[in-house]
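Novice: Pasting in a structure now, in structure tokens, and then I'll have a few things to ask.
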Amino acid sequence: MEPKIKDVVFVHIPKTAGTSMRHMLSASLPGAVKLFDYGADTATLIAAQRTVLDAFGGTASTATIPGNIINAFESDIRTPEKIIALRSEADRGLGFLVSSQNPIRHWIGAFHAASVVTFLRDPVERVASSYRMHVREKSFSGSFAEFYESPDQINVQCQQLRGTDLHKLGFVGLVEFMPDMIRALSRHLGVELRMRHDNGAGRSSRPEIDSTVRSRIVALNGDDLCLYRHVEANLDHFTNHRGRPSTIACKLARGKVYRAEQGILRGWALAHDPNQLATIEVRVGGQAVQRCYADQFLPWLKKMTPHGVGGFELRLPAGLAVGNSPIRVMIAGTDKDLEGSPLSL
């Protein structure tokens, strides 16, 4: 009865266990079309990703889009317009796994905020880890001070998440709370994530961080530190999407349902707040028999909501006996029927 998130948009903030998370998500969502954008490194990353997926049993997919993994960089699927075009061409029931180090604003025009997954890390530890990676893999030869003083290493986490209400995102975890975060994310997605640890620091030595250096990094990354502490203080909210309290905005939803074919219902529903997903509930004789999120992308819904997400498709349970009871399709938690409900079997 618990609905599952269909799309996952993993906003990969550098040096927040993102490589491990990308591998875990890819392995646990084998049927999803995977859309990766890591700039010029995307092709190399995808080759490595296929090796990991093969180890988990292959990359077979029922996707209608050719290829299970799409290189968004080489395919030039890097603007909101191109992303919307791709979503418009895809089957409405197709699930996507996006993994990218692009800022969140690149994706929220075609994906719902509830689909977003990201992780934060203590700013000092993130900067130190980033420095080690740049020395090891990018031939950085400057001092640690030169690195953490550079503008592109300051408040990186806030920069990537700017442009949306963090409280509406599906899942915001903290690296320091692994592996509890993996269990929480598994519950959120309705899949079992298998813990991994990839792309560690290897043999590179950690830079020396005394109290003076720490204070300087903290001063430079004050926004990131405030963000981290806010998520830490409200971790249950950010990691428990299903358990967030309902608000009146959830009840002010609208939508429509129709019968597509025998046993299959389709429609759309929007919450009053576009940052919330409407939950659809099917009731027979006053009892709920099925629930799902209205989380499919429908191009024409862009006229009504910023992200174009609000469609749904559900198959009635096999052998459903309704007698003389109508099938009611409603907004979960309310007595509000969608337009077109009730339906006869």
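Novice: Within segment 120-137, is even one residue aliphatic (A, V, I, L, M), within 18 Å of the chain's Cα centre (by Cα) and not assigned by TED's automatic domain parsing to the domain that holds residue 305? If you could, list the steps in order and put the result at the bottom.
Specialist: Our first condition is that a residue be aliphatic (A, V, I, L, M); within segment 120-137, this holds for 120, 124, 127-128, 133, 135.
Now narrow it down to the ones that are within 18 Å of the chain's Cα centre (by Cα): 120.
Still in the list and also not assigned by TED's automatic domain parsing to the domain that holds residue 305: 120.
So far as segment 120-137 goes, yes, one or more of its residues are aliphatic (A, V, I, L, M), within 18 Å of the chain's Cα centre (by Cα) and not assigned by TED's automatic domain parsing to the domain that holds residue 305.
Novice: Being out of contact with any helix residue (DSSP H, G or I) (no Cβ under 6 Å at 6 or more places or on another chain) and either among the basic types (Lys, Arg) or under 18 Å from residue 102 (Cβ atoms) (or both) is the filter; apply it to segment 161-170 and report the residue that is surrounded by the fewest Cβ atoms within 10 Å (Cβ to Cβ).
Specialist: For segment 161-170, the residue satisfying everything is 162.
Novice: Among (1) over 24 Å from residue 102 (Cα atoms); (2) in contact with an Asp or Glu (Cβ under 9 Å, 6 or more places away or on another chain); (3) not aliphatic (A, V, I, L, M), where does residue 179 come up short?
Specialist: (2)
Novice: So, one more: For segment 124-137, check the following and say yes or no: at least one residue is at negative phi and not in a helix (DSSP H, G or I).
Specialist: The answer is no, given that none of the residues of segment 124-137 is at negative phi and not in a helix (DSSP H, G or I).
Novice: Moving on. Report whether or not residue 110 is among the hydrophobic types (A, V, I, L, M, F, W, C), assigned to a loop (DSSP other than H, G, I, E, B) and surrounded by 14 or more Cβ atoms within 10 Å (Cβ to Cβ).
Specialist: Judged against the criteria, residue 110 is a match.
Novice: Can you spot a residue in segment 320-335 that is assigned to a loop (DSSP other than H, G, I, E, B), touching a residue at least 60 places away in the same chain (Cβ under 8 Å), over 22 Å from the mean Cα position of the chain (by Cα) and surrounded by fewer than 21 Cβ atoms within 10 Å (Cβ to Cβ)?
Specialist: yes
Novice: Among the residues of segment 214-235, is there at least one that is at pLDDT below 95 and loosely packed, with under 14 Cβ neighbours inside 10 Å? Walk me through it before giving the result.
Specialist: Step one: of segment 214-235, the residues at pLDDT below 95 are none.
No; the residues of segment 214-235 include none that is at pLDDT below 95 and loosely packed, with under 14 Cβ neighbours inside 10 Å.
Novice: Out of all the residues in segment 2-56, which are among the acidic types (Asp, Glu) and surrounded by fewer than 21 Cβ atoms within 10 Å (Cβ to Cβ)?
Specialist: Within segment 2-56, 2, 41, 54 meet the criteria.
Novice: Go through segment 293-310 residue by residue and tally those that are more than 12 Å from residue 88 (Cα to Cα), surrounded by fewer than 20 Cβ atoms within 10 Å (Cβ to Cβ) and not basic (Lys, Arg).
Specialist: 3
Novice: Evaluate segment 304-314: report whether one residue or more is of a type in the set (Asp, Glu), assigned to a loop (DSSP other than H, G, I, E, B) and in contact with a Cys (Cβ under 9 Å, 6 or more places away or on another chain). Give the steps one after another, and end with the answer.
Specialist: Filtering segment 304-314 for residues of a type in the set (Asp, Glu) gives 313.
Now drop any that are not assigned to a loop (DSSP other than H, G, I, E, B), which leaves none.
Checking segment 304-314: not a single residue is of a type in the set (Asp, Glu), assigned to a loop (DSSP other than H, G, I, E, B) and in contact with a Cys (Cβ under 9 Å, 6 or more places away or on another chain).
Novice: What number goes with the only condition from (1) in contact with a helix residue (DSSP H, G or I) (Cβ under 7 Å, 6 or more places away or on another chain); (2) assigned to a strand (DSSP E or B) that residue 275 does not pass?
Specialist: Looking at each condition in turn, residue 275 falls short on (2).
Novice: Could you list, in sequence order, the residues of segment 138-186 that are within 15 Å of residue 218 (Cα to Cα) and outside any helix (DSSP H, G or I)?
Specialist: Answer for segment 138-186, where residues must be within 15 Å of residue 218 (Cα to Cα) and outside any helix (DSSP H, G or I): 150, 154, 155.
Novice: Taking only segment 214-246 into account, find how many residues are under 14 Å from residue 114 (Cβ atoms) and free of Cβ contacts under 8 Å to residues at least 12 places away in the same chain.
Specialist: 2
Novice: Being aromatic (Phe, Trp, Tyr) and crowded, with 18+ Cβ neighbours inside 10 Å is the filter; apply it to segment 133-160 and report the residue that is nearest to residue 117 (Cα to Cα).
Specialist: Per the stated criteria, the residue is 148.
Novice: Of the residues that make up segment 197-209, is at least one more than 23 Å from residue 133 (Cβ to Cβ) and surrounded by 14 or more Cβ atoms within 10 Å (Cβ to Cβ)? Step through it out loud before you land on a result.
Specialist: Within segment 197-209, the first condition is being more than 23 Å from residue 133 (Cβ to Cβ), and the residues that meet it are none.
No, segment 197-209 contains no residue that is more than 23 Å from residue 133 (Cβ to Cβ) and surrounded by 14 or more Cβ atoms within 10 Å (Cβ to Cβ).
The values are calculated or read from the model by the stated rules, or taken from the named source; none is laboratory data. For clarity, every value in this text was computed on a predicted model and none was experimentally measured. As a convention, Cβ positions derive from the backbone with ideal geometry for all residues, glycine included, and neighbour counts pool all protein chains shown.
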